[in-house]
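*Asks:* First, the structure itself, so that you have it in front of you.
The values are calculated or read from the model by the stated rules, or taken from the named source; none is laboratory data. Nothing here was measured: the structure is a model prediction, and the numbers come from that model. Note that each Cβ is placed from the backbone with ideal geometry, even for glycine, and that neighbours are counted across all protein chains shown.
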Amino acid sequence: MSNSSSFNKFLLLAFADTRELQLLHFSLCLGIYLAVLLGNGLVITAVACDHHLHTPMYSFLLNLSVLDLGSISTTVPKSMANSLWDTRAISYSGCAAQVFFSVFLFAAEFYLLTVMAYDRFVAICRPLHYGTIMGSRACVKMAAAAWGTAFLNALLHTANTFSIPLCQGNVVEQFFCEIPQILKLSCSDSYLREVGLLVFSACLGFGCFIFIVLSYMQIFTAVLRIPSESGRRKAFSTCLPHLAVVSLFVSTGLFAYLKPPFFSLPALDLVLAVLYTVVPPAVNPLIYSMRNKELKDGLNKLIQLVLFQQQ
Ligand SMILES: *[C@@H]1O[C@H](CO)[C@@H](O)[C@H](O)[C@H]1NC(C)=O
């Protein structure tokens, strides 16, 4: 093996070695990918087209669906294409792009979930001030802060990871390029700087997590004090889906990044990666639309509009 990163491509994990299994993997991924496109596409169209849904909560939901679409598009299509063309290669710049976009979209999603927790906190605990605190300029600023911080985060990690000399070959044991797998290829202990950065990002993420937990504790105490049963149910129906999405996201992400390194079974890494890259984008639209009457009404109107115009 040469002593520096002189190669110009990486090899990703192949899901299958026989042709039949490769095609099976391709069609399964295609099915999931199309379902995610459809689900998030419907949420985006419903929110964009229905002016009843032009509120902070739904515009953040729109942001979330856009991020979900982006995050699944950075990993799954490349893996599908590799199965189809029977190859494992990804170019050096393709790998860097995958690392950049997956960190960017993953972090932006998490910061946005923090903003959404704050939105629910203000709506339920400070209802009289909701209009002034969550004005449209404030919302745009909060969304921009989430996207901007995530962008800087991703830039920092990508630049740092890809400046580390690699001398353990170019085989990435994952179906897309992720930072821990690239660090495994580094020479001696030059990866420690990136580990330090990861710890810093993790602390930032932990701060957001504490913020989300505190917001929800206040929300629940406030909701339980609402005297009427129907009022309680309405308040819960807008925050439980959000809490479900946060828990799903945090638990899969934590598991993938914070599991002890010596516990690194390739099969486990793979399952975790599928959990945190594919599951949140696939189930977010379901979780949000399941018990949400406004969103369902919006979708119904959209469907009627489409059918009506075709007649
Ligand atoms: C994200 O949310 C902000 C704030 O509500 C909104 O102005 C913006 O249009 C949204 N962007 C996308 C891409 O959904």
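*Asks:* One residue is enough: does the range 128-140 have a residue meeting the conditions among the basic types (Lys, Arg) and away from the ligand (no atom under 13 Å from the Cβ)?
*Replies:* Scanning the range 128-140, I find no residue that is among the basic types (Lys, Arg) and away from the ligand (no atom under 13 Å from the Cβ), so the answer is no.
*Asks:* Here's a follow-up. So ALA146 passes all but one of these: (1) of a type in the set (A, V, I, L, M); (2) closer than 23 Å to SER247 by Cβ; (3) away from the ligand (no atom under 16 Å from the Cβ). Which condition number does it fail?
*Replies:* The number of the failed condition is (3).
*Asks:* Mind listing whichever residues of the range 264-281 are more than 17 Å from the chain's Cα centre (by Cα) and exposed (fewer than 15 other Cβ atoms within 10 Å of the Cβ)?
*Replies:* Within the range 264-281, SER264, LEU265, PRO266, ALA267, LEU268 qualify.
*Asks:* Go through the range 26-42 and report how many residues are farther than 17 Å from THR74 by Cα and buried (at least 19 other Cβ atoms within 10 Å of the Cβ).
*Replies:* Result for the range 26-42: 1.
*Asks:* Continuing with this model, one more query. Could you list, in sequence order, the residues of the range 214-230 that are more than 14 Å from CYS125 (Cβ to Cβ) and assigned to a helix (DSSP H, G or I)?
*Replies:* GLU229, SER230
*Asks:* Checking the structure you have, find out if any residue of the range 60-69 is surrounded by fewer than 18 Cβ atoms within 10 Å (Cβ to Cβ) and over 19 Å from ALA97 (Cβ atoms).
*Replies:* no
*Asks:* Now for a different question. Any idea how many residues of the range 118-127 are more than 15 Å from the ligand (Cβ to nearest atom) and not basic (Lys, Arg)?
*Replies:* Step one: of the range 118-127, the residues more than 15 Å from the ligand (Cβ to nearest atom) are 121, 124-127.
The next check asks that each one be not basic (Lys, Arg); those that pass are 121, 124-125, 127.
Looking only at that region, the number is 4.
*Asks:* Mind checking which residues of the range 39-80 are more than 17 Å from the chain's Cα centre (by Cα) and more than 10 Å from the ligand (Cβ to nearest atom)?
*Replies:* Listed by number, the residues that qualify are LEU42, THR45, ALA46, CYS49, ASP50, HIS51, HIS52, LEU53, LYS78, SER79, MET80.
*Asks:* Something else: Among the residues of the range 91-101, are any in contact (Cβ under 8 Å) with a residue 24 or more places away in the chain and within 16 Å of the ligand (Cβ to nearest atom)?
*Replies:* Looking for residues that are in contact (Cβ under 8 Å) with a residue 24 or more places away in the chain and within 16 Å of the ligand (Cβ to nearest atom), one finds at least one in the range 91-101, hence yes.
*Asks:* Moving on. Could you tell me which residue of the range 279-311 is farthest from LEU67 (Cα to Cα), considering only residues that are touching a helix residue (DSSP H, G or I) at 6+ places or on another chain (Cβ under 6 Å) and of a type in the set (A, V, I, L, M, F, W, C)?
*Replies:* Among them, the one singled out is LEU302.
*Asks:* If I ask for residues that are part of a loop (DSSP other than H, G, I, E, B) and acidic (Asp, Glu), which ones from the range 23-72 would you list?
*Replies:* ASP50
*Asks:* Go through (1) surrounded by 19 or more Cβ atoms within 10 Å (Cβ to Cβ); (2) modelled with pLDDT under 95 for PHE100 and report which single condition fails.
*Replies:* (2)
*Asks:* Related question: Need a quick list: helices (runs of 4 or more DSSP H) entirely within the range 87-202 having at least 1 residues that are small (Gly, Ala, Ser).
*Replies:* Per the criteria, 92-125, 130-133, 136-161.
*Asks:* Only one of ALA14, ALA35, ALA48 is modelled with pLDDT of 90 or more and either closer than 20 Å to SER136 by Cβ or of a type in the set (Gly, Ala, Ser) (or both); which? Quick ask: steps written out before the conclusion?
*Replies:* Numbers: ALA14 fails: modelled with pLDDT of 90 or more; ALA48 fails: modelled with pLDDT of 90 or more.
Answer to the check: ALA35.
*Asks:* Would you point out the residue of the range 100-136, among those that are of a type in the set (Val, Ile, Thr) and farther than 17 Å from LEU243 by Cβ, that is nearest to the chain's Cα centre (by Cα)?
*Replies:* Top of the filtered list is VAL103.
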